[in-house]
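The values are calculated or read from the model by the stated rules, or taken from the named source; none is laboratory data. Bear in mind the structure is a predicted one, so any value in this text is a computation, not a measurement. Cβ: placed from backbone, ideal geometry, glycine included. Neighbour counts: every protein chain shown.
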Amino acid sequence: MSIKEIARYAKIKGLQLVGTGDFTHPLWLKEIRETLVPDSDTGLFRITGNSDFPMHFMLTTEVCTIFDFQNETKKVHHVILTPSIDNAVQINGALAKYGNLSADGRPTLNMTAPQLVEEVMQVSGENMIFPAHAWTPWFSVFGAFSGFNSIEDCYQDMTKHIHALETGLSSDPPMNWRLSKLDRFTLVSNSDSHSFWPWRMGREANVFELDRVSYKEITEAIRTKDTKRFKFTIETDPAYGKYHWTGHRNCNVSLSPQEARKRGNICPVCGRKLTEGVEQRVEELADRPATFTAANSPGFMRLLPLSEIIAAALNVDSPSTQAVWKIYNSLVERFGDEYKVLIDASKEALSQVVEQQIADAITRVREGSATVVPGYDGVYGKLVLTPTATDVPRLKPPRGSVQQLNLADFW
């Protein structure tokens, strides 16, 4: 996960702006300083000596706060954005009082969420902070095991500085629209990538249309929920996420919210409490029906990583096999990048490059007609192109308010 390798694979994916991640870690910040230079006065960065390279980076990190609230231990992850190295250094200095920043790329801090926001915003009002993967069972603002029932309970008087929340792989905009109290927050989608491989990087992304690519333009579009600049998010099918349904991975038990409630959230195999999934947690807090559509919000489209689609079509377990890479590379070489393959290329054009079953699989995912067996308790969901009797079918709902947008129209 070097900066240059991230840039290399991000270009193949079709990304043009990537978060650095982990600027709170001293060694990673050192690499950032050695590898990246400011891109004029944009608040973004580019690789040293590559002024013509289109890839930009934004300084980002994720931190974990652990604290007590009303006699319960709360564990919440947060994303922090900042426009300068100086700001990053000052943030690190402030947060080092609460934990060892060298221990992990995502440091654990013994401070409350309001304290974190206050420390970050005291450094600069240009900084932005929001809850990461807001619905996962552990370490999230709405987590079933250590989270809250509202943003306000978590951030208290510092909620005024929270303008967005990250949907996470296991939720998407329609699920979040079901909570009217979230209407004021902009929904952002990020891949939470832990490797540079294209089936991890950019599996979720944000699409902007900007007069000028800059940190200020991006964060202002998020703060104001400006749909003229913040066009839509790219979402995995939420069933693909590792915590979408309720279950026990060790017992191979996966249950819908309805089935889990019938069983009192108790595992039918081992008799212990199940890991509550995101869909069930949303049901608990929702005050709107699943069919509700929010007005004046960025749109969304559901996709899955191209490597995962190819692997499913070939009926192989891993997207990293040579058979998958060969097909993947041929498609990217023909169409330019992965997003163009997933979104723009017609079935006819795809069929000229790959076998019909691959072309069919790509277009089925694009059209929302594929089936995903829901993930649960740390197990990713599974794309199934030829369901068997043992698979749990889950047909995807309509793709949302964005239809067939050409990414070439956006930076």
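Against the numbered list (1) crowded, with 23+ Cβ neighbours inside 10 Å; (2) more than 21 Å from THR371 (Cβ to Cβ); (3) not hydrophobic (A, V, I, L, M, F, W, C), GLU284 comes up short only at (1).
Would you call GLU31 modelled with pLDDT of 95 or more, acidic (Asp, Glu) and farther than 23 Å from PRO137 by Cα? Taking the combined requirement at face value, the residue satisfies it. Hand me the list of strands (runs of 3 or more DSSP E) wholly inside segment 180-273 holding 2 or more residues that are within 20 Å of GLY143 (Cα to Cα), out of contact with any Asp or Glu (no Cβ under 6 Å at 6 or more places or on another chain) and modelled with pLDDT of 95 or more. Once the strands (runs of 3 or more DSSP E) in segment 180-273 are filtered for at least 2 residues that are within 20 Å of GLY143 (Cα to Cα), out of contact with any Asp or Glu (no Cβ under 6 Å at 6 or more places or on another chain) and modelled with pLDDT of 95 or more, what remains is 186-188, 253-255.
Meeting the requirement of 1 or more residues that are of a type in the set (Gly, Ala, Ser), the helices (runs of 4 or more DSSP H) wholly within segment 1-96 are 3-13, 85-95. Please work out if SER170 is touching a His at 6+ places or on another chain (Cβ under 9 Å), in contact (Cβ under 8 Å) with a residue 40 or more places away in the chain and closer than 20 Å to VAL278 by Cβ. Judged against the criteria, SER170 is a match.
Give segment 90-102 a look and list any residue that's over 18 Å from LEU59 (Cα atoms) and either surrounded by 18 or more Cβ atoms within 10 Å (Cβ to Cβ) or modelled with pLDDT under 95 (or both), or say none. Result: TYR98, GLY99.
Of the listed requirements (1) modelled with pLDDT of 95 or more; (2) surrounded by fewer than 19 Cβ atoms within 10 Å (Cβ to Cβ), ASP391 misses just one: (1). The numbered conditions (1) crowded, with 16+ Cβ neighbours inside 10 Å; (2) touching a helix residue (DSSP H, G or I) at 6+ places or on another chain (Cβ under 7 Å) are all true for LEU17 except (2). Identify the residue in segment 192-206 that is in contact with a helix residue (DSSP H, G or I) (Cβ under 7 Å, 6 or more places away or on another chain) and crowded, with 21+ Cβ neighbours inside 10 Å and, among all such residues, is nearest to GLY105 (Cα to Cα). Selected residue: MET201.
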